[in-house]
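Below: the structure, in structure tokens.
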Amino acid sequence: MKKLAIRGKTFSLPMFFPDATLGVVRGVSSQQVTQANIQGVVINTYHLMTSPGTKILAKAGGIKPFMNWSGLTASDSGGFQLFSLIHQNPKLGRIVDEGVILYSGESRQKKILFTPEMSIQLQFEISSDIMICLDDFSPVNATHKRLVESVDRTIAWAKRCQIEFVKQCKKRKLTEKNRPLLFAAIQGHRDMALRQQCAQELTQLDFDGYGFGGWPFDDQGKFDYEMARVTAEATPDNKLRFALGVGSPQNIVQLRQMGYDLFDCVLPTRDARHQRLYVFSQDPTTLDLKQTKDWYEFLYLDRGKLAQDFSPISQYCNCPACTYHTKAYLHHLFKIKDGLAYQLASLHNLRFYAQLMEQLQKQS
């Protein structure tokens, strides 16, 4: 059975990493995240470079001491955020072969060049456990020419990232046993031949793992499982597969069957803030996730009927919300807009995802 071995520790797979972009899982403490049995979080290189800044993080000893987090950290390269920023407003920057040119504003008075080398250097300053190469995110509505450019640039940047990664490991006297892991993201959007080409060239570089990169939905907004399958089959079974930005509980179950090991998504905490909670429809310890349909459902806390429902959110959950409170109380907290509502709802959804991982680990 495949395991995640890193810096002297070994973890069972699969694992789910909630979003902690700026060094915090929104609304909950690092200790509460640990208590939910969440073992890793995803942070963002570009955003942390902006605030609090990598100088402060380096002085603190890295992101983990800074946020008092004892689990794993995976650092997104910042590629998707830079792409989104420029896509929304082309006046704020452009992507070139050397890297990503960013302007301080539409007046373009100040310019910085965010390169693959800079991305790796910043990730070492952040001191994350899993680092991801800067990639050229394949645009959804791109021409074939632009997709080829995206794949070629992603491969070229991955090579540069790998060179800088080795350089940083030597500089810091890190060995195979105590170094972080380096992943490369596979691009090509829905052009399966380009995805296979991207994967083939990246696997020849022998990274620690490979990410399912790009926008994972088809033109109708449905999750593109074929794209995920092709990407998984194009990477070696003995390497870790990271389903970047995925996803819903159902996405995770299906992609786990394809061979994906790591997942991250904003959904559990974002849905919690919008009063949408995940609830197992039966005892999760008895579930056969490969066979059972409709194994979970949504509970919407804004429903008026919950005002007098004094049962717990779920009988199969041991999170603080389910252990100590009722649906009626959480309904009330959201109604009065108290911060405890967001905290309890987030903890419940995080615990649901942790329980899902626990069952998938048993069934792997």
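Things worth noting here:
- In the range 67-125, counting only strands (runs of 3 or more DSSP E) that sit wholly within it, the ones holding 3 or more residues that are aliphatic (A, V, I, L, M) and not assigned by TED's automatic domain parsing to the domain that holds G245 span 99-103.
- Long-range neighbours under 7 Å by Cβ, at least six apart or interchain, first residue in contact (Cβ under 8 Å) with a residue 24 or more places away in the chain within the range 297-312, second of a type in the set (V, I, T) and assigned to a loop (DSSP other than H, G, I, E, B): L299/I313
- Qualifying positions in the range 116-144 - buried (at least 20 other Cβ atoms within 10 Å of the Cβ) and hydroxyl-bearing (S, T, Y): S119, S127, S128, S138
- The residue list V33, V24, V28 contains one member that is out of contact with any Gly (no Cβ under 7 Å at 6 or more places or on another chain), assigned by TED's automatic domain parsing to the domain that holds P52 and in a helix (DSSP H, G or I), which is V33.
- Taken as a whole, the range 51-67 holds at least one residue that is within 19 Å of F242 (Cβ to Cβ) and touching a residue at least 60 places away in the same chain (Cβ under 8 Å).
- Just one residue in the set L205, L244, L267, L277 is surrounded by 19 or more Cβ atoms within 10 Å (Cβ to Cβ), among the aliphatic types (A, V, I, L, M), at pLDDT 95 or above and under 30 Å from N178 (Cβ atoms); that residue is L244.
- Residue tally, condition more than 20 Å from the chain's Cα centre (by Cα) and crowded, with 19+ Cβ neighbours inside 10 Å, over the range 150-159: 5
- Evaluating L181 against the criteria (1) over 19 Å from the mean Cα position of the chain (by Cα); (2) surrounded by fewer than 22 Cβ atoms within 10 Å (Cβ to Cβ); (3) in the same structural domain as M227 (by TED's automatic domain parsing) leaves one unmet condition, (1).
- Qualifying position, being in contact with a helix residue (DSSP H, G or I) (Cβ under 8 Å, 6 or more places away or on another chain), surrounded by fewer than 17 Cβ atoms within 10 Å (Cβ to Cβ) and aliphatic (A, V, I, L, M), among L85, L113, L147, L102: L85
- Among residues of the range 317-338 that are modelled with pLDDT of 95 or more, those with a beta-carbon under 6 Å from a residue that is among the acidic types (D, E) at least six positions away or on a different chain give the pairs K327/D309; A328/D309.
The values are calculated or read from the model by the stated rules, or taken from the named source; none is laboratory data. Computed from a predicted structure; not experimentally measured. Neighbour counts run over all protein chains shown; Cβ positions are idealised from the backbone, glycine included.
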